[in-house]
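Can you keep this structure in mind? I'll have questions shortly.
Read the figures in this text as sums done on the coordinates, not as results from a lab. Only a predicted model underlies this, so the values are computations on that prediction, with no experimental measurement involved. Here Cβ is always computed from backbone atoms with ideal geometry, including for glycine, and neighbour counts include all displayed protein chains.
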Amino acid sequence: MSSLSASDSTPTPTPGGTEVPVAGPEDGANPTAPHVGEPAQPPATAAAPPPVVSVQNVSITYRTTFEAAPTLKNTIVRLGRGERKVKVVDAVKNMSFDIKPGTSVGIIGANGAGKSTLMRAIAGVLPPSQGRIEVRGRISALLALGVGFNPNLTGRENVILGGLAAGLTRAEVKERADEVADFAEIGDFMDMPMRTYSSGMYQRLAFSVSVHMDPDILLVDEALSAGDASFKVKATAKMAELMESARAMFLVSHSLGSIREMCNEVLWIHKGELIMQGSPRRAIRAYTNFLKVGENAYTFEDL
Amino acid sequence: MASVTENTSPVDELHIYEPHRAGLPKLGPYTRQLWARREFAAEFSRAGIRAANTQTLFGQLWLVLNPTLLALVYYVLVSVIRQSAGGFETLAHITCGLFLFYFVSGSITQGAQSVTGGGKLIMNMNFPRLLLPFAAVRTAFFRFLPTVPVYFLIHILAGGVWSPQMLLASVFLGLTVIFCIGMAAIFATVQVYFRDTSSFLPYLVRIWLYLSPVLWFADEAPEQFQDLMVLNPLYSLIGSWTDLLLRGIIPEPKMWLAASIWAVLAFVGGSLLFMSREREFTVRL
Ligand SMILES: Nc1ncnc2c1ncn2[C@@H]1O[C@H](COP(=O)(O)OP(=O)(O)O)[C@@H](O)[C@H]1O
Ligand SMILES: [Mg+2]
């Protein structure tokens, strides 16, 4: 842990399992792959700005039991039978990468690949089990479940709470609540309890909150899937606008079309391992090859 | 008032996330974060109170009515057991201790639910989780406040003494708040691991009430248990509070000491337990 440069990280992305038919020999041709220059980078840092996000040999494990809800009763029953079923899930395995300022990163991979886990770790919600993550700048996270919304509070109260939890001051938050409402276009519902919202309204508000918190780094995890088409267009435009001022953006999406459109670098994660970090074109091609479906209309359907 | 640390250079803020050493996050940065986000705890509690409709007149009335009715129940109970109706003095005694006890039990029940009820907030936001039990205690405290005038009304009806010593009761109120934060943190943690904790709580609270000087005075403790009494934190906390507020008696030094030790012990122990487990909350919700 003392050496900060991720020295054990593999210099070229190697396929994690034998079933992954991907090799990355053309890495050197790609200017957006910082992985290649790993040994050469430290001398160059004098001029180059430090990475916005640096993930160094990070592993994250979940420990879960099979019990539906952990209760004292179950524990006693379990003790009596002398069994203890704990399943350890290695959600992220020894992952290392750096993200340079100004990068908009797309993250692709199958369900359960560890994308959300990685997002939570970068947001600081889930500390790594091993390794180290350095993040420069203020994060605004829009994870899959929406920001921490309480359905019994009004939209406005939730926005204020979210802002305060994100570390803004009360004055900043109050000022922003109206902008958030305008962008989300939910009108009078802003002052209604959120249990009265439709799921689309819910997501509009969640997205709107995230982008109005002055994020240096925006994390979006499959969050645009429920909005309607017009809001999706608006959200895409807003993200593009943010990219001009934000230092980095992470977009998790199964819509390869959105990734290609919005990102200039892609991480492909498979079963907790980083298979490839590279240009969207290359990574998407490799990913779709791996999926053996080719780049057909199905995978580009805007989800 | 604005937090200096947040405003210095948000762009160059460097966050480092590493595995927690020995289960505990680094205390310095954690405390600074806690302080910087204190507004969140306040607003969280405030919004919760608003959502529970306690802003309305009837809401406020219910907050007062509920513990007052409970005090009346115990008044009847005590009168029957002692076979003499005690009049307003007995009622004043019971309300004095019971209202404070109600604050403690409220902190525990609210605190126990603060993390498991925090669901999405915990999954999606990065903030010191200790703010949640803090907010729970703040909520319980603001439910306690409206009962204070009720007590004074009964105090007047009972023809109670008015003395400058009564002001010292606020010291014990402060210590109780500190104690409650610790208890809320402990039960919040336990609730994450054992979701049925909240179903045991009512029994625990009830037993604790009978063991505490609410229905009896601190100096009335049975002789053979007199020395063991300090082992109950509420013996010194509620006992001294009642002595000062109701009777204007300044408690013995050992009561001051016991109350302070319990408050600090609960606060430090509870916070550390909570913080050492905090990382797992996200994974276990
Ligand atoms: N709270 C949790 N407890 C236990 N295992 C989990 C939890 N969340 C995710 N996992 C496991 O971690 C792995 C990665 O999950 P996740 O990061 O959600 O994947 P993705 O977002 O790429 O679909 C999966 O195998 C999943 O089963
Ligand atoms: Mg996911």
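Work out from phi, with θ = phi - 60° and the Karplus expression 6.51 cos²θ - 1.76 cosθ + 1.60, the ³J(HN,Hα) of each residue of the stretch A:232-249, listed in order in whole Hz, and give x for Gly and Pro.
Each residue of the stretch A:232-249 in turn: 4, 4, 4, 5, 4, 4, 5, 5, 4, 5, 4, 4, 6, 9, 6, 9, 6, 9 Hz.
May I pose another question? If you take each beta carbon of peptide A:165-173 and count the beta carbons of other chains within 10 angstrom, what is the mean?
On the way: counts 13, 5, 13, 5, 7, 6, 1, 2, 3.
Mean number of neighbouring Cβ atoms from other chains: 6.
In what sequence do B:L98, B:L204 fall when counting other Cβ within 10 Å, fewest first? Intermediate results must be reported in sequence, preceding the final value.
On the way: B:L98 26, B:L204 13.
Neighbour counts put them in this order, fewest first: B:L204, B:L98.
Here is a follow-up. For A:K232, give me every one of the lysines with a C-alpha distance below 28 angstrom, ignoring sequence neighbours fewer than eight places off in its own chain.
Straight-distance partners of A:K232: A:K100, A:K115, A:K174, B:K120.
Given the C-alpha centroids of the stretch A:207-221 and the stretch A:241-276, what is the distance between them in whole angstrom?
Comparing the Cα centres of the stretch A:207-221 and the stretch A:241-276, I get a distance of 15 Å.
On to the next question. Which net charge results when you count Lys and Arg as +1 and Asp and Glu as -1 among the other residues whose beta-carbon is under 14 Å from that of A:N152?
Numbers: positive: A:R156, A:R195, B:R46, B:R50, B:K120; negative: A:E157, A:D191.
Here the count lands on +3.
With runs of 4+ DSSP H residues as the only contributors, calculate the mean residue ellipticity of chain B at 222 nm using -39,500 (n - 2.57) per run, divided by the residue total and rounded to the nearest 500.
Details: 12 runs with 197 residues, N = 285.
The helix-only estimate for chain B comes to -23000 deg cm²/dmol at 222 nm.
Skipping prolines and chain starts, which residues have an amide H placed within reach, meaning under 5 Å, of the one on A:F250, given they are 5 or more residues away or on another chain?
When sequence neighbours closer than 5 places are left aside, the close amide H contacts are A:V105, A:L218, A:L219, A:V220.
What's the local net charge at A:M190, with K and R +1, D and E -1, over the other residues with C-beta under 9 Å away? Could you put the intermediate results ahead of the total?
On the way: positive: A:R156; negative: A:D178, A:D188, A:D191.
Net charge in that neighbourhood comes out at -2.
Report the FRET efficiency, 1/(1 + (r/R0)^6), for B:W62 and A:L72, where r is their Cβ-Cβ distance and R0 is 25 Å, rounded to 0.05.
E between B:W62 and A:L72, to the nearest 0.05, is 0.20.
With Cβ to Cβ distances under 14 Å as the rule, what net charge do the other residues near B:Q226 carry (K, R +1; D, E -1)?
Numbers: positive: B:K254; negative: B:D219, B:E220, B:E223, B:D227, B:E252.
Local charge sum for B:Q226: -4.
Under the Karplus relation 6.51 cos²θ - 1.76 cosθ + 1.60, θ = phi - 60°, what is the ordered set of whole-Hz ³J(HN,Hα) values for the stretch B:276-285, x standing for Gly and Pro?
For the stretch B:276-285, the Karplus-derived couplings read 6, 9, 3, 4, 7, 4, 4, 7, 9, 6 Hz, x marking Gly and Pro.
Cut-off is 10 Å between beta-carbons; in what order do A:D90, A:D98, A:D228 appear when sorted fewest neighbours first? Walk me through the numbers on the way to the answer.
Numbers: A:D90 16, A:D98 21, A:D228 11.
Ordered from fewest to most neighbouring Cβ atoms within 10 Å, A:D90, A:D98, A:D228 come out as A:D228, A:D90, A:D98.
Sort B:V214, B:V137, A:V77 so the one with the fewest other Cβ atoms within 10 Å of its own Cβ comes first.
Working: B:V214 25, B:V137 28, A:V77 12.
By the 10 Å Cβ count, ascending: A:V77, B:V214, B:V137.
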